[in-house]
Amino acid sequence: MKLIPIYTWNKGVRNLAVRHKSFLKQPWAQGVILLVCVVVAMLMANLPFTKEFYRDFLETSLTAHVQSPDGHINFMFPKGLTIEAFINDILMVVFFFTVGLEIRREISHGELSSLKKALLPVIAAFGGVVAPALIYILVNHGTMAAGGWGIPTATDIAFAVCILSVLGDKVPVSLKVFLTALAIADDLIAILVVAIFYGGNINLPLLGVAFAVMLFVFVLNKIGEKRAWIYLALALVVWTLFYYSGIHSTMSGVVMALLIPSTPRYSVAYYQRKRREYVRRFDEYMTITDEPLPNGPQRHCLRRMSLIARETMPMTDRLEHLLGPFVNFLIMPIFALANAGVEIADPSYFNIFKMDPTLGSVSLGIFLGLVLGKPVGITLTSFLAIKCKVASMPSNASWPMFFAVACLGGIGFTMSIFVDTLSFGGFDPTTVEALRSMGKIAVLIASVSAGVLGSVLISVVHKVSAKS
């Protein structure tokens with residue numbers, strides 16, 4: 001057998017690593033990974049030799065149970081925590097935390113930083129939430145499915161950006177920026193919907209303690225506290241209080257993102273002064289010892305320069321940069337694997353036009369809400385705002401292209417599935433499971449349909465405008 005030289009193996013590994021990093025940097029990479037996870041989850045939930053393992057694994061308990069020998073102390077923490085709940089109630093806190101950081105950045109110095117910039121995306125996002133909710137309510141009024149009105153109200157920016165990157169220069173840059181800003185505003189509205197309408201029974205004393213802790217965090221921020229570990233410890237306290245108070249625990253991530261410092265510990269002037277000082281010292285220490293360079297004193301200079309450089313960036317920016325890859329390529333795929341796996345107990349789940357007098361039609365409400373309600377709501381409210389001169393049309397954009405891009409707003413994967421997992425409480429477990437399963441399948445079908453519809457319309461509009 002011919003042996004392959006070791007350097008050939010090393011070269012192959014290096015090439016694979018380079019290609020891996022290059023793939024992850026692509027704007028469409030997250031959408032592709034999420035799509036693969038959806039397919040894997042559906043297969044695991046339905047294949048005969050994996051579906052029992054899949055469901056049993058997600059239902060595995062992670063709750064610590066402490067009981068004294070005399071039985072007087074009986075304590076469980078966290079209550080009812082399974083692997084699925086760990087993903088939805090803990091890992092998704094990190095997702096919502098990064099969403100909060102992104103919203104804060106956009107409000108501070110991004111596309112939502114001024115009234116002029118923010119007005120059109122915010123108005124459009126409001127229309128894109130109200131119209132799908134109204135359509136869903138009209139379809140399901142007076143039925144068991146009525147409580148799922150929040151499911152078709154959200155836009156998933158990961159898949160939308162994935163499609164926009166594939167379409168390239170067919171879409172004006174101004175509309176790409178508009179859709180991104182709209183998705184940020186949409187996330188903020190969706191967060192408020194979850195916090196207000198999809199929590200449990202509120203424990204007011206615990207909620208009051210949570211608000212007291214958040215007020216303390218706000219005061220720490222105002223007096224200039226910049227140590228990250230203090231905010232991390234208080235974030236865990238707030239999460240625990242939210243978890244037991246009835247407000248969905250993921251909301252603690254958004255709240256803490258809005259409360260942590262957005263100003264750096266050191267000013268740019270301080271950084272420049274210290275950098276010059278440590279560079280001078282570094283040069284002076286060149287011959288102070290016989291150690292190989294950098295020697296001990298020089299290493300101290302490098303460490304101090306690194307620390308000061310890091311602390312010259314705001315904590316919010318550092319955290320967003322640190323957590324972004326983990327959220328996009330670890331937490332989100334795990335969420336998809338845990339929540340997109342719907343067991344097809346009844347093939348009628350795929351019949352989005354099925355209507356039951358008692359259950360209603362989760363599928364039809366979600367499908368019409370995302371595919372029809374989203375683009376109509378976004379376009380109509382934007383049209384009114386522009387005609388009333390409240391906002392201005394994005395540059396180099398036409399109304400046909402605007403509507404085509406608005407269709408991509410109907411891709412509601414992550415937040416829609418998340419809201420689906422919180423909906424339809426109060427019924428027997430079998431009914432709840434059926435409604436949620438139909439809801440998840442409808443979200444997948446509607447998101448794919450919205451993506452295809454938007455892509456086709458964008459291509460057609462671009463082709464027509466290119467000929468004219």
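Tabulated values for the structure
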read-out: All helices (runs of 4 or more DSSP H) inside region 293-359 with 1 or more residues being farther than 28 Å from V39 by Cα; value: 296-311, 315-326
read-out: Condition met for A124 (open to solvent by 10 Å² or more (accessible area, probe 1.4 Å) and not polar (S, T, N, Q)); value: no
read-out: Test set (1) open to solvent by 60 Å² or more (accessible area, probe 1.4 Å); (2) part of a loop (DSSP other than H, G, I, E, B) - P261 fails condition number; value: (1)
read-out: In region 422-445, the residues that are in contact with a helix residue (DSSP H, G or I) (Cβ under 9 Å, 6 or more places away or on another chain), open to solvent by 30 Å² or more (accessible area, probe 1.4 Å) and part of a loop (DSSP other than H, G, I, E, B); value: G425, G426, F427
read-out: Elements of type helices (runs of 4 or more DSSP H) in region 5-118, at least 1 residues being modelled with pLDDT under 85 and out of contact with any Pro (no Cβ under 9 Å at 6 or more places or on another chain); value: 6-24, 29-46, 92-109
read-out: Within region 155-180, tally of residues that are touching a helix residue (DSSP H, G or I) at 6+ places or on another chain (Cβ under 8 Å), of a type outside the set (V, I, T) and modelled with pLDDT of 85 or more; value: 6
read-out: Number of the exception - L337 against (1) closer than 19 Å to I90 by Cβ; (2) surrounded by 13 or more Cβ atoms within 10 Å (Cβ to Cβ); (3) modelled with pLDDT under 90; value: (3)
read-out: Of all residues making up region 412-421, the number that are within 16 Å of V161 (Cα to Cα) and either part of a helix (DSSP H, G or I) or modelled with pLDDT of 90 or more (or both); value: 3
read-out: Candidate set: region 111-121, residues that are touching a residue at least 12 places away in the same chain (Cβ under 8 Å) and either of a type in the set (A, V, I, L, M, F, W, C) or within 13 Å of A183 (Cβ to Cβ) (or both); chosen: the one most open to solvent (accessible area, probe 1.4 Å); value: E111
read-out: Residue check, L364 under 27 Å from the mean Cα position of the chain (by Cα), assigned to a helix (DSSP H, G or I), surrounded by fewer than 24 Cβ atoms within 10 Å (Cβ to Cβ) and not charged (D, E, K, R); value: yes
read-out: Residue list for region 372-385, filter: open to solvent by less than 30 Å² (accessible area, probe 1.4 Å) and not charged (D, E, K, R); value: G373, P375, G377, I378, T379, S382, A385
read-out: Neighbours by Cβ (under 7 Å, 6+ apart or cross-chain): first from region 300-314, within 10 Å of Y271 (Cβ to Cβ); second open to solvent by 80 Å² or more (accessible area, probe 1.4 Å) and assigned to a loop (DSSP other than H, G, I, E, B); value: E311/R265
read-out: Residue satisfying all of: in region 266-300; at pLDDT below 85 and among the charged types (D, E, K, R); most open to solvent (accessible area, probe 1.4 Å) among these; value: D290
read-out: Filter result (modelled with pLDDT of 90 or more and touching a Gly at 6+ places or on another chain (Cβ under 8 Å)) within region 430-441; value: L435, G439
read-out: Residue selected from region 367-404 under the condition of a type in the set (K, R) and assigned to a helix (DSSP H, G or I), by the criterion nearest to L179 (Cα to Cα); value: K374
read-out: Only one of T143, T98 that is under 22 Å from S423 (Cα atoms) and polar (S, T, N, Q); value: T143
read-out: Unique residue being modelled with pLDDT under 90 and in a helix (DSSP H, G or I) when the list is S459, S465; value: S465
read-out: Flag for E284 being charged (D, E, K, R), assigned to a helix (DSSP H, G or I) and in contact (Cβ under 8 Å) with a residue 40 or more places away in the chain; value: no
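Residues checked against (1) out of contact with any strand residue (DSSP E or B) (no Cβ under 8 Å at 6 or more places or on another chain); (2) exposed (fewer than 15 other Cβ atoms within 10 Å of the Cβ); (3) within 18 Å of G148 (Cβ to Cβ):
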position	(1), (2), (3)
S392	yes, yes, no
S395	yes, yes, no
S447	yes, no, yes
S455	yes, no, no
K463	yes, yes, no
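The values are calculated or read from the model by the stated rules, or taken from the named source; none is laboratory data. All values reported here derive from a predicted model rather than from experimental measurement. Here the Cβ is made from the backbone with ideal geometry for all residues, glycine too, and neighbour counts use every protein chain on show. We work out accessible area using only protein heavy atoms, side chains counted, and drop any ligands, DNA or RNA first. Shrake-Rupley method; radii C 1.70, N 1.55, O 1.52, S 1.80 Å.
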